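Taking it in order: structure first as structure tokens, then the write-up.
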Amino acid sequence: MGMVALLLIAYLAIPSVANDYWLVSILVPFLVFSMAAIGLNILTGYAGQLSLGTGGFMACGAFAAYKLATAFPDLHIVIVLLLSGTITAAVGVLFGLPSLRIKGFYLAVATLAAQFFLIWMFNKFGWFNNYSPSGVISAPPMHLFGDVYITGPQSSPLVKYLFLLTFVAVMALAAKNLTRCKIGRSWMAIRDMDIAAEIIGIRPLMAKLSAFAISSFYIGIAGAAWAFIYTGSVEALAFDINRSFQVLFMIIIGGLGSILGSFLGAGFIVLLPILLNNVPGLIGWQIPVDMIAHLEFMIFGALIIFFLIVEPHGLARLWTLAKEKMRLWPFPY
């Protein structure tokens with residue numbers, strides 16, 4: 001019932017009250033980050049494989065989508081997104097091979113190397129950007145059906161939002177079902193104790209590589225959506241190491257091992273800078289812009305420490321506890 005209410009709000013209430021600025025600058029990036037956070041949560045939250053290469057995999061999805069859209073202009077936008085995710089999944093499996101021998105901090109360093117290598121590759125070889133002198137390329141116009149465009153100057157913010165909302169909702173439902181089936185249980189068994197999981201018949205090779213593949217698939221689609229639907233341009237520097245840490249903060253604050261936590265963390269990261277820029281002015285405080293940027297980092301750091309110590313399951317767990325309190329209120333039992 002709660003999910004139906006949320007979908008009704010997302011599809012009916014928000015489009016009726018939100019202006020173009022809210023749709024393009026807040027809701028669309030929120031949905032893109034939610035998709036990336038779901039992908040990283042599958043790998044880190046459910047499978048226990050720490051990764052710092054999210055930005056590189058997003059760049060892989062963005063450039064794959066650009067090459068597909070320019071080489072095959074008749075491809076539908078949905079096919080382009082899915083194929084870009086598939087290409088990124090293959091790259092993710094390649095860089096996930098070290099996870100068979102190393103884990104923890106050492107795996108994080110290996111994925112960090114993937115981050116730097118992928119960004120270097122996209123900057124170094126002009127083939128990826130069709131030899132653009134500036135290195136920045138624009139997404140070609142692509143339509144959903146008829147004259148309804150998703151990318152390009154003819155696209156509408158409302159169409160972008162509704163399309164991305166539908167796509168993310170379907171992918172989130174698929175991820176939720178994956179975590180409940182056999183493959184999801186194998187991920188969690190590997191996360192909790194890989195030696196015991198292997199003893200009971202779970203193959204670490206398949207479990208870890210499938211987690212890297214599916215995680216990279218989601219992150220690649222997020223990168224393609226970022227480039228095509230949100231910014232309208234493809235640039236490797238937009239997916240630097242800061243982007244990887246940003247998505248990692250989302251799943252830590254939102255909640256590791258939770259699809260809902262991916263949305264909560266993405267919403268928090270997207271809305272916090274907006275609140276810091278607007279709330280002080282509403283109450284009469286004049287805070288310099290550079291101080292706001294520093295406050296943002298300080299709040300992120302404090303919250304990460306808080307959730308890691310007090311509530312490792314993040315905002316998703318706090319939301320669950322609040323629902324339980326409301327369900328039992330006013331009785332304490």
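Scanning residues 5 or more positions from residue 149 or on other chains, those with amide H under 5 Å from its amide H are 144, 156, with H placed 1.01 Å from N in the peptide plane. For the range 110-187, the list of chymotrypsin sites (Phe, Trp or Tyr not before Pro) that fall in a loop by DSSP and count at most 15 other C-beta atoms within 10 angstrom reads 125, 131.
Within the shell defined by Cβ-Cβ distances under 14 Å, the residues around residue 109 carry a net charge of +2, with Lys and Arg each +1 and Asp and Glu each -1. For the range 55-63, 3J(HN,Hα) computed residue by residue from phi via the Karplus equation (6.51, -1.76, 1.60; θ = phi - 60°) reads x, x, 6, 5, 4, 4, x, 5, 6 Hz, glycine and proline entered as x. Each other residue within a Cβ distance under 14 Å of residue 97 adds +1 if Lys or Arg and -1 if Asp or Glu, for a net charge of +3.
The H on the amide N of residue 233, modeled in the peptide plane, is under 5 Å from the matching H of 139, each at least 5 residues off or on a different chain. Over the residues of the chain, the helix contribution to mean residue ellipticity at 222 nm works out to -21500 deg cm²/dmol, using -39500 (n - 2.57) for each DSSP H run of at least 4. Carbon and sulfur atoms: what percent of the 1.4 Å accessible area of the range 1-119 do they account for? Solvent-exposed carbon and sulfur of the range 1-119 make up 77 percent of the total.
Would you please classify the overall shape of the chain from the alpha carbon gyration tensor, given that a ≥ b ≥ c denote the square roots of the eigenvalues, rounded means a/c under 1.5, and beyond that prolate means a/b larger than b/c while oblate covers the rest? Because its axes are fairly even, with a/c under 1.5, the chain counts as rounded. A Gaussian network model of the chain, with springs between Cα atoms under 10 Å, assigns the largest mean-square fluctuation among 148, 28, 17 to 17. Mind running the shape call on the range 105-259? Use the C-alpha gyration tensor, a ≥ b ≥ c as the square roots of the eigenvalues: rounded below 1.5 for a/c, prolate if a/b tops b/c, oblate otherwise. Because a/c hits 1.5 or more and a/b fails to exceed b/c, the range 105-259 counts as oblate. Within the listed set 279, 168, 247, the residue fluctuating most in the Gaussian network model of the chain (springs between alpha-carbon atoms under 10 angstrom) is 279. Average accessible surface for the chain: 51 Å² per residue, computed with a 1.4 Å probe over protein heavy atoms with every protein chain in place. If you run the Gaussian network model on the chain, springs between alpha carbon atoms under 10 Å, then out of 193, 58, 142 the most flexible one is 193. If you take all other residues with their beta carbon under 13 Å from the beta carbon of residue 205, and give Lys and Arg +1 and Asp and Glu -1, the sum is +1.
Per-residue 3J(HN,Hα) values for the range 211-225, derived from phi via the Karplus relation 6.51 cos²θ - 1.76 cosθ + 1.60 with θ = phi - 60°, read 5, 5, 5, 5, 4, 5, 4, 5, 5, x, 5, 4, x, 5, 5 Hz in sequence order (x marks Gly and Pro). For a test of the definition: using alpha carbon positions, the gyration tensor, and the 1.5 limit on a/c, classify the range 1-71 as rounded, prolate or oblate. Oblate, because a/c is 1.5 or more while a/b does not exceed b/c.
The values are calculated or read from the model by the stated rules, or taken from the named source; none is laboratory data. Fair warning: this is a prediction, and the values are worked out from it, not measured in the lab. Counting neighbours? That spans all protein chains shown, and the Cβs are built from the backbone with ideal geometry, glycine included. Accessible surface is based on the protein model in full, side chains and every heavy atom, while ligands, DNA and RNA are left aside. Shrake-Rupley method; radii C 1.70, N 1.55, O 1.52, S 1.80 Å.
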